[in-house]
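In what follows, a single structure is set out as structure tokens and then discussed.
The values are calculated or read from the model by the stated rules, or taken from the named source; none is laboratory data. None of these values were measured; they are calculated from a predicted model. Every residue, glycine among them, receives a Cβ derived from its backbone with ideal geometry; neighbour counts consider all protein chains shown.
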Amino acid sequence: MPDILYFNGRFTTTDERVLGVEDRGFQFGDGVYEVFKFLGRRPAFLADHFRRMQRGLAELEIRSPWDEARFTSAMRELVERTAFDDGIVYLQVTRGEAERSHFWPDAIEPTVVAYSRAFQFPGPAKKERGIKVITTSDHRWHFCNVKSLNLLGNAMAKKQAQRAGADEAILLGEGFVREGASSSFFAVKNGGIVTHPLDERILPGVVRDRVIGLALGAKIRVDERPLREAELFDLDEAFITSTTQGVMPVSEIDGRVIGNSRRGEVTTTLQSRFDQLELREAGV
């Protein structure tokens with residue numbers, strides 16, 4: 001069954017082919033994207049995703065196609081039109097379509113595409129068991145704070161993880177831990193959490209930011225600093241965060257067990273608090 005598709009202000013389905021061959025998103029990766037979750041056909045953290053998208057568009061000098069009210073209305077209608085209750089929406093804004101040239105026209109109109117997808121979110125067993133990850137070099141560009149369409153480095157890292165029988169790749173650069181290929185990374189040591197500070201080397205994750213807030217509210221120490229690669233195998237716990245995974249424990253890194261290979265106390269606390277917050281946010 002085709003999914004609902006929003007394209008430049010109108011609704012259709014993913015059966016319709018809508019992008020032109022000279023759209024700059026296709027030719028240059030010239031655009032940004034977002035993925036948000038919905039439960040019971042109610043979006044979660046929609047305003048957070050809008051603000052991150054707006055920051056990315058501004059960084060790339062792409063004209064925003066909407067204000068927050070229009071964005072919210074369109075995305076809520078898209079979700080309401082879906083044939084399923086729980087899933088994700090993938091949203092992409094490119095600079096637009098123009099004759100292929102590195103120089104772009106000043107008056108170019110952005111292209112907007114968004115579509116819904118059913119998604120199998122992690123169940124209780126996986127959320128307790130956690131995932132295996134590997135480490136790999138960070139080969140991405142230097143605007144990682146923008147959720148851009150330039151994901152080749154991320155995709156190569158994810159494929160490397162898959163071939164190693166792992167679920168995620170943790171990216172390393174200059175001797176420091178950056179983030180996951182499609183997630184934020186948190187280390188737990190002596191009851192506190194350590195995660196990379198917000199700069200051009202990592203993406204400002206929506207779930208990351210909420211989890212930091214929950215940690216502070218629970219009086220869990222938060223140290224936003226680059227974690228040294230050498231510290232990776234001397235952790236009490238580790239977890240990743242993302243829209244689709246929520247708070248997910250890490251049981252192994254490069255085949256080495258973290259903690260006792262079970263979900264730790266800090267991770268359990270933050271996972272429970274985030275799950276409750278997400279449900280409240282979606283109004284479920």
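Quick notes on this structure:
- Considering residues of the range 234-257 that are of a type in the set (Gly, Ala, Ser) and in a strand (DSSP E or B) only, the residue farthest from the chain's Cα centre (by Cα): Ser251
- Scanning the range 110-135 for residues that are of a type in the set (S, T, N, Q), touching a helix residue (DSSP H, G or I) at 6+ places or on another chain (Cβ under 9 Å) and surrounded by fewer than 20 Cβ atoms within 10 Å (Cβ to Cβ) returns a single hit, Thr135.
- Residue match in the range 222-230 (condition: in the same structural domain as Trp141 (by TED's automatic domain parsing), in contact (Cβ under 8 Å) with a residue 40 or more places away in the chain, under 22 Å from the mean Cα position of the chain (by Cα) and under 16 Å from Lys132 (Cβ atoms)): no
- Matching residues, the range 187-209, being charged (D, E, K, R) and crowded, with 21+ Cβ neighbours inside 10 Å: Arg208
- Candidates Ala157, Ala161, Ala125 - the one that is part of a helix (DSSP H, G or I) and touching a His at 6+ places or on another chain (Cβ under 9 Å): Ala157
- Some residue of the range 94-102 being out of contact with any Pro (no Cβ under 9 Å at 6 or more places or on another chain) and among the hydrophobic types (A, V, I, L, M, F, W, C): no
- Check on Ser101, within 21 Å of Val32 (Cβ to Cβ) and assigned to a helix (DSSP H, G or I): no
- Test: Ser148 is within 23 Å of Ser251 (Cα to Cα), outside the structural domain of Glu34 (by TED's automatic domain parsing) and among the hydroxyl-bearing types (Ser, Thr, Tyr): no
- Among residues of the range 67-101, those that are out of contact with any Lys or Arg (no Cβ under 9 Å at 6 or more places or on another chain), modelled with pLDDT under 95 and crowded, with 17+ Cβ neighbours inside 10 Å, counted: 0
- Meets criteria (at pLDDT below 90, over 22 Å from the mean Cα position of the chain (by Cα) and not polar (S, T, N, Q)) for Arg10: no
- Scanning the range 242-256 for residues that are of a type outside the set (A, V, I, L, M) and in contact with a Leu (Cβ under 9 Å, 6 or more places away or on another chain) yields a count of 2.
- Just one of (1) more than 20 Å from the chain's Cα centre (by Cα); (2) surrounded by 15 or more Cβ atoms within 10 Å (Cβ to Cβ); (3) among the aliphatic types (A, V, I, L, M) fails for Ala107. It is (2).
- Considering (1) at pLDDT 95 or above; (2) more than 22 Å from Asp254 (Cβ to Cβ); (3) of a type outside the set (Asp, Glu), the lone condition that Ile134 does not fulfil carries the number (2).
- Looking only at the range 258-276, residues that are in a helix (DSSP H, G or I) and not aromatic (Phe, Trp, Tyr) come to 11 in all.
- The range 177-201, residues that are of a type outside the set (A, V, I, L, M, F, W, C), over 17 Å from Thr135 (Cα atoms) and in a strand (DSSP E or B): Lys189, Gly192
- Arg263 being more than 17 Å from the chain's Cα centre (by Cα) and either of a type in the set (A, V, I, L, M, F, W, C) or surrounded by fewer than 20 Cβ atoms within 10 Å (Cβ to Cβ) (or both): no
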